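For reference, the structure is listed below as structure tokens.
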Amino acid sequence: MNSIILLSVLGLGNLFLGFRRSNRLLLPVAMLMLAVVFGVNFLDWGTSQSFFNEMLVVDNFSVAFTGIVVLTALLLLPFSQQYVRDGEANLAEYYSLLLFSLVGAIMMVSYNHLLMLFLGIETLSIAMYVLAGSDKRNLRSNEAALKYFLMGAFATGILLFGMALVYGATGTFVLRDISFAVQNPANATLTPMLYIGMLLMLIGIGFKVSAAPFHFWTPDVYEGTPTFFAAFMSTVVKTAGFAAFLKLLVQAFPAAAAQGLWLPTLTAMCVLTLLIGNVGAVAQTSIKRMLAYSSVSHAGYLLIGLVAFNGQLEGASANGVFFYSLAYSVATVAAFGVLKLVADARQREDYNGLNGLAKTNPLLAFVMTVAMLSLAGIPLTGGFFGKFFVFSAAVENGYIGLVVFAVVMSMVSIYYYLRPIIAMYMNAPDATTTEAVPVGSFQSAALLLLALLTVVLGVLPGLVSGIL
């Protein structure tokens with residue numbers, strides 16, 4: 001709760017900094033804000049507190065996932081330095097919208113009431129609708145914002161209708177009371193209404209996390225959204241979405257899994273997401289669109305953790321989702337960070353834009369290589385253990401066939417994750433890629449930290465695994 005209050009107050013305070021003629025103060029102040037929130041968040045570790053008549057609960061689960069989203073935003077901010085140098089007139093508003101969207105993300109990982117989940121999703125989504133279209137002079141950005149807003153509005157309506165049906169079947173919005181109502185044999189006649197409500201909620205949240213077949217907006221929106229905000233969308237939004245998804249299934253509908261109400265649907269979504277995400281990424285020529293389909297595929301791997309849940313927010317499944325979210329977020333921020341620096345300098349987002357990067361910018365090439373290897377799940381990176389923990393939880397619960405399919409899809413992903421590495425180290429630079437990409441010392445430090453975190457998670461996974 002302290003994190004929500006701090007972010008709300010600091011977001012409002014940051015708006016007043018926009019009255020200054022210089023943007024130089026905005027970036028360090030925003031980073032200091034997030035660093036303070038990150039530290040204050042962990043003061044609640046080991047406690048369990050409820051607020052607003054138990055609509056919001058702060059426990060180890062919410063603290064852990066709040067730490068991921070705040071850390072991700074903190075590590076991403078240095079790559080907005082281009083906006084500072086260019087004197088972006090709306091920079092204070094952009095930073096404030098990011099802070100407000102984090103409030104929504106924290107509400108999504110801390111909710112105990114479906115209305116609080118809805119408020120969190122909308123707080124996060126509305127800010128992202130605006131940021132997707134922040135490059136007002138770019139038609140692609142305008143198109144991305146329009147698509148994201150229209151499809152997001154439909155998904156929100158579907159989610160809200162699902163909540164209404166669940167309320168009609170159970171008579172409550174509180175997670176544990178929903179769980180009790182589902183387990184009550186007297187409610188057997190309400191199963192059709194409950195099943196439809198759960199299905200609609202799966203669709204609504206599935207849209208937010210880019211799960212197939214509700215992923216169609218992802219490539220176009222990511223491509224048109226400014227790279228800095230696309231990175232935020234790919235990491236913070238997905239982490240918060242999956243934490244909310246896991247909490248909903250584990251605390252509200254655990255008995256429904258045993259009754260076979262939502263588990264087959266979720267398993268089908270998982271298989272379809274893995275297939276479409278990986279096959280779609282293979283066909284892309286734009287790195288940004290490849291990362292968009294990569295985001296879809298990683299939603300599939302995270303769905304494995306949801307399918308394999310063990311009925312509680314502490315255990316192999318929850319820890320697998322937590323570790324995977326952390327490793328994925330760190331690697332994705334690194335990849336988008338390098339892409340933004342290269343795109344700003346070379347005005348290209350295709351694979352050829354990386355040609356010869358190992359010669360002109362060895363640091364950028366190294367960090368991008370570490371990020372790609374981690375996203376591919378290669379050993380000694382955080383991505384390897386992220387997949388290992390999720391797959392282990394699935395095997396323990398008997399989903400061996402699903403794990404085999406996921407491993408095959410992981411092998412497919414190696415192809416498109418190696419393409420940027422080949423371009424950087426093996427392709428000769430052309431006329432547009434001979435100059436070195438300018439990288440500030442602040443950004444270099446952030447890139448090194450991201451690479452270091454990725455390697456540390458791959459070498460010493462025990463530092464954060466098993467904390468839930």
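Since every read-out is calculated from the coordinates, none of them should be taken as a lab result. The structure presented is a predicted model; accordingly, all values stated were derived computationally and were not measured. No Cβ is skipped: glycine too gets one built from the backbone with ideal geometry, and neighbour counts run over all protein chains shown.
General observations
- Residues in the range 56-76 reached by a label modelled at Leu460 [backbone nitrogen below 19 Å; 7 Å Cα→Cβ]: 68
- Reachable lysines, given that their alpha-carbon falls under 24 Å from the alpha-carbon of Lys359 and they are not under 8 places away in the same chain: Lys288, Lys340
- Per-pair calculated FRET efficiency, R0 = 25 Å: Ala89 and Thr432 via Cβ, rounded to 0.05: 0.30
- Helical content alone sets the calculated 222 nm signal of the chain at -23500 deg cm²/dmol, taking -39,500 (n - 2.57) per DSSP H segment of four or more residues and averaging over every residue.
- Between Ser8 and Met193, the modelled labels are 3.3 nm apart [label points 7 Å from Cα along Cα→Cβ].
- Rounded to 0.05, the FRET efficiency of the Arg140 and Val40 pair, given R0 = 45 Å and the Cβ-Cβ distance, is 0.75.
- Largest first, the three principal axis extents of the alpha carbons in the range 108-214 are 59, 26, 18 Å in whole numbers.
- For the range 266-283 and the range 322-377, distance of Cα centres in Å: 23 Å
- For the chain, the fraction of alpha-carbon pairs in successive 20 Å shells from zero, as %: 26, 60, 14, 0
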